[in-house]
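These notes concern the structure reproduced below.
Readers should treat all values here as calculations from the given coordinates under stated rules, not as data from a laboratory. Because the structure is predicted, anything quoted here is derived from the model rather than measured. Quick reminder, even Gly has a Cβ in these numbers, built from the backbone with ideal geometry, and neighbours come from all protein chains shown.
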Amino acid sequence: MRTLLSSGLVFATLLASPPTALAGPPVAAPDTITAANGVVLTNTDPVITAFRSRDAVSCGSLPSDPDLAAKLDAIAEADIAPSWVPMRAATCLGELYANDARFADWVGPWFSDDDRGGLAVAVLDGTRSDATAQQRLAPLALAATGRWAPILARHLR
Amino acid sequence: MNRPLHRQPSCLAPVLLLALSATTGCPYTGNNGKNNGDSAVNPLRIETQSVVSDSGGVITLSLDVQDGERFQVVQDDGKGGVVFTDSLTDPSGTKVLDWQDWQTSKYSYTEAVYGAKYANTTNWPIREEDGPTRGGTWTFVGDTLKSNYSQKPNEPVDITIAYRKDADPTHGAVHVIVAYCTGVDSDPEVVRGVEAAVATWTQIWAAFGITLTVDYAEIALDPALPNTSDGEQAYQDLAAQYDDHPLIEVIGDSIAGDLTILGETSAIPGPMAATQITAVEVSWMGHAGGNGNFSDGEIQMMGETMAHETGHFLGMFHPVEDGWQYWDYLDDTEDCTNQNTCEADLGSNLMFPYTICTTFTSCDPQQDLSPKQVGIMLNYVGVE
């Protein structure tokens, strides 16, 4: 996992370099998007970078962020490659923030949207150790129709 | 598809069990009329024994290795106990593998010396420069341990030793069983995505001289998969159906109820013998994303995940670990020490630990391997 520290070291190195070292081709501005919840994401965001790992990611060891819950919701809703980045964000949202006041508003629509049903499965998996959260999500999962209905049902604990 | 296997009865090439308390005798008695002990016409021979560790929890085996043979020792506890590889000594008395050399090393060589639940796999040679093997009697020492890694005496363990010698060590072939968990293959989009990803994986390995032969199967298992290392009887049962020790790739919704896990191997390397951890798992859902449909890019990513995780199973580590302080034990993958140089030097490598995406929606292919990484795969005894 790349860390805030390593990114900071790169930035500090650039600042310390003589002006001539900064000359050369213009550096493209970071790719940014503004999510529906107002969070601005950059392609090099440390949380996104962490989610791009090929191997398992621990939600408990994500880089710190002033409002990680909102960032996770923003990442889950965004079109970010690889596709597992939004899925991991949804899982961590369920694992870490099922008791956040905004949680139901964020994840509720996923259970009735064919294009986001995978996020609903991910958030269910994220709450796998939280019986109370699973109970709150169960009616949404059981009310789902279409392709995702049987998958959601089998991911209820 | 079951392919014929030329097995050498263990009674013809007996394993000397120095600390043997009990054996089950000689389970393989057929030889197909071809088995004469000449490895040139007998590319794979298998020996199995049941042993009991001694009062110190130690298992000592003598291996009758022919010149140039690769071999693999699988210790199968079968009950979730920890089995461990202590050392491997060649016929000249040189200890070529010693667990003490690797416990605190910054280089990763084999997980066999870290211990594993259910089954522990020691494959030799590991790297190209570790071979070719010298014929003669090799000595393998293993241990049975409690969960706190203290010695567990008098523990029964099933031992499988596979030996293989090839006419062409520069190319290999692997038989793969792609096994869908219950109900997963009833979704046509999942089947389309998996088959296309397998084609990508096939192309990746073919570029390095390894040919995949793929068959599809079903496995009676909940698609919400357990961790591979937790052991699953269904994996052992499926693997046991095939004589040629195929690589089992299981397709489920998710792994350990956690969509942060895309794919998982049970061990580095994993066992070619049929055990409860003889499998690599892949989550189709983690790759298809929120809409459950596979784009071309997602198919490429899943193919790379399949190749990456099975690469672990065949013995490859990441060339560098996150944090840039730990590396594989190969001298043709750079021991880079910071993010920029690691991404520049190794970012296109199949075994790099994370994907590199220059924009939100575009990630670079990761399909390169160094010659010595390929050498590790070709040395895996399950590769023909």
Note, ³J(HN,Hα) from phi for segment B:207-218, Karplus 6.51, -1.76, 1.60, rounded to Hz, x at Gly and Pro:
4, 10, x, 10, 9, 9, 10, 10, 10, 10, 8, 10
When chain B is modelled as a GNM with alpha-carbon springs shorter than 10 Å, which of B:LYS117, B:LYS146, B:LYS372 fluctuates the most?
B:LYS146
Ascending count of other beta-carbon atoms within 10 Å, so fewest first, for B:ARG127, B:ARG164:
B:ARG127, B:ARG164
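Please compute, for peptide A:48-54, the average count of beta-carbon atoms on other protein chains lying within 10 Å of each residue's beta-carbon.
Counting Cβ atoms of other protein chains within 10 Å of each residue's Cβ and averaging gives 6.
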Pop a pseudo-label 7 angstrom from the Cα along the beta-carbon direction at both A:ASP115 and B:ASP101 and give the gap in nm to one decimal.
5.7 nm
Could you check the simple spin-label distance between B:THR170 and B:LYS146, using points 7 Å along Cα→Cβ, in nm with one decimal?
5.4 nm
Order of B:THR213, B:THR121, B:THR110 from fewest to most other C-beta atoms within 10 Å?
B:THR213, B:THR110, B:THR121
Amide H contacts under 5 Å for B:ASP86, placed H, 5+ residues apart:
B:VAL141, B:GLY142, B:ASP143
Hey, in the GNM for chain B with a 10 angstrom Cα cutoff, which one of B:GLY193, B:GLY297, B:GLY115 fluctuates hardest?
B:GLY297
Pair-distance profile P(r), taking every C-alpha pair of the protein assembly as shown, with 20 angstrom steps and integer %
21, 51, 25, 3
Go ahead and set up a Gaussian network model of chain B, Cα springs under 10 Å, then flag whichever of B:ASP168, B:ASP335, B:ASP67 fluctuates most.
B:ASP168
Quick check: from the Cα gyration tensor, does chain B come out rounded (a/c under 1.5), prolate or oblate?
prolate
Theoretical FRET efficiency, 1/(1+(r/R0)^6), r = Cβ-Cβ of A:ASP65 and A:LEU142, R0 56 Å, to 0.05:
0.95
According to a simple spin-label model (label point 7 Å from Cα along Cα-to-Cβ), what is the distance in nm between B:ASP222 and B:TRP324?
4.3 nm
Which value, in debye to the nearest 20, gives the size of the charge dipole of segment A:30-154 about its Cα centre, when Lys and Arg are +1 and Asp and Glu are -1 at the Cβ?
380 debye
Restricting to chain B, what percent of DSSP beta bridges are antiparallel, rounded to 5?
70 percent
What order do you get for B:ARG70, A:ARG116 when you list them from fewest to most C-beta neighbours inside 10 Å?
A:ARG116, B:ARG70
Could you work out the local net charge near B:THR144, counting Lys and Arg as +1, Asp and Glu as -1, over the other residues with Cβ closer than 10 Å to its Cβ?
-2
Can you tell me the FRET efficiency between B:ASP237 and B:THR213 if r is taken as the Cβ-Cβ distance and R0 is 22 Å, rounded to the nearest 0.05?
0.55
Mean ellipticity per residue at 222 nm, deg cm²/dmol - from DSSP H runs of n ≥ 4 across chain B, formula -39500 (n - 2.57):
-5500 deg cm²/dmol
